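Notes for the one structure printed next.
The values are calculated or read from the model by the stated rules, or taken from the named source; none is laboratory data. Keep in mind it's a predicted model, so treat the numbers as computed, not measured. Here Cβ is always computed from backbone atoms with ideal geometry, including for glycine, and neighbour counts include all displayed protein chains.
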Amino acid sequence: MNKALSSCVANFSKNGNDLVVGGRTVQEIVAESRTPAYIYDLSLLRRRHGLLRKNLPAELRIDYAVKANPNVKMLRELGTLYDGFDVASAGEIARAMEAGVAPGRMSFAGPGKSNEELTRSVMLGIGSISIESEQEIARLSRICTDLNKSVNVLIRINPHFELSKSGLKMGGGAKQFGVDSERLPALLHKYCDDQRVHIRGVHIYAGSQNLSGDDIIATFEKIIAYAIELTRTTAIEMDILNLGGGFGIPYFAMDDELDIEAVGAGIISLLEKYRKSLPHTLFKIELGRYLIGPCGIYAAKVLYRKISRDQVFIIIDGGMHQHLAASGNMGQRLVHRPMPMTIATAMDKPLEKVNVVGPLCTPLDTFGMNVELPHAEEGDILVVFNSGAYGFSASPLRFLSHEEPGEIIV
């Protein structure tokens, strides 16, 4: 049984053999546009928000990580649902502002912010900047002095622990992200009384794409305990504690859904346990993939059904240049190929083993070899689920100079 595929299909409905997204069949949607295309379902986006707010404590702030999907129309909708936006470049700041998000609702993170980006952030009044090195805070302090302005910062910490069972580990060991925890006391001693750079708390993001609720909660508890120890041993005021995120979605056949009820219960328990030690702290998390990944599909038309030495090749009009993750070239530790997919126009037809390949002149351009799919003919539509995050904007769209895929919101 393909657990990931079953989980994805359950988010949508069918009309006979056809997959229905946003109340219309995929065939109807692409008939009015074209393929290849990303299709985003706003109703599912809102259902995901309802699921989170039902299970997570009301006092926990949820920020959307723009890097997951920076489509401006989607940002506009996300801005009505979530508390703030995590941005990682001047371009993401501009897109969020175009979507009507005030700079004061944004937090800016990233290990390589340029002078221009820092200056722009200070001038706009960004809600907070996550500092990732001693050099960066020194540079930001000089910029604020030159501009006669001040800024709120969080110190992003590279802790001595990591989020186990994560697709990408972003804490522990030597990392480009954050200030090593053992170097933090000296940095705080130097900047705690800075009149321009106001240190409001810390930011720890230990890992991404985690499906284990127990591991997420255990890591959050380590972060909270670490923050409490900082308040006891340094002069930091823990106004804000950014716990990161890391909530995953099922890509591989045997992946189970993250138990969001258990995660919510675990966070509630942690806040009850430690609230007395951090009575005035605002707790926040930042999520991208979990919020928007399941809300999008990638749709491509079957151009040819080809037999080569007894193997069936399904050749589609899209490929790795438009959906790098689906080709497995974004990193198998993060997203397992094949991603969950089906034939949206023939969902109940008998299964067969096929090779799904794109139109590019490279053997890397495949979404899966020897995979089971409903029998497809030329003109059918193949869809890849969980494509709402790290799809369009995380792909080498100019490779071989094909036309960019469409983005359709339903």
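Of the residues that make up region 38-47, is at least one basic (Lys, Arg), assigned to a helix (DSSP H, G or I) and not assigned by TED's automatic domain parsing to the domain that holds PRO250?
Looking for residues that are basic (Lys, Arg), assigned to a helix (DSSP H, G or I) and not assigned by TED's automatic domain parsing to the domain that holds PRO250, one finds at least one in region 38-47, hence yes.
Could you list, in sequence order, the residues of region 26-67 that are hydroxyl-bearing (Ser, Thr, Tyr) and out of contact with any strand residue (DSSP E or B) (no Cβ under 8 Å at 6 or more places or on another chain)? Lay out the reasoning, then the answer.
We begin by selecting, within region 26-67, every residue hydroxyl-bearing (Ser, Thr, Tyr); these are 33, 35, 38, 40, 43, 64.
Listed by number, the list holds a single entry, SER43.
Taking only pairs six or more apart or across chains, which ones have beta-carbon atoms under 6 Å, a first residue in region 98-126 that is under 27 Å from ASN158 (Cβ atoms), and a second residue that is among the polar types (S, T, N, Q) and loosely packed, with under 15 Cβ neighbours inside 10 Å?
PRO111/GLN176
Listed here are the residues, each with its yes/no results for (1) over 21 Å from THR281 (Cα atoms); (2) small (Gly, Ala, Ser); (3) in a helix (DSSP H, G or I).
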position	(1), (2), (3)
MET97	yes, no, yes
GLY100	yes, yes, no
LYS113	yes, no, no
VAL122	yes, no, yes
ALA138	yes, yes, yes
LYS149	yes, no, no
ARG156	no, no, no
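Conditions tested, residue by residue: (1) out of contact with any Cys (no Cβ under 7 Å at 6 or more places or on another chain); (2) of a type in the set (Asp, Glu); (3) surrounded by fewer than 18 Cβ atoms within 10 Å (Cβ to Cβ).
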site	(1), (2), (3)
LYS14	yes, no, yes
ASP18	yes, yes, no
THR35	yes, no, no
LEU44	no, no, no
ARG48	no, no, no
ARG53	yes, no, yes
LYS67	yes, no, no
GLY79	yes, no, no
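Return yes or no: is LYS14 of a type outside the set (A, V, I, L, M, F, W, C) and either under 24 Å from LEU241 (Cα atoms) or part of a helix (DSSP H, G or I) (or both)?
no
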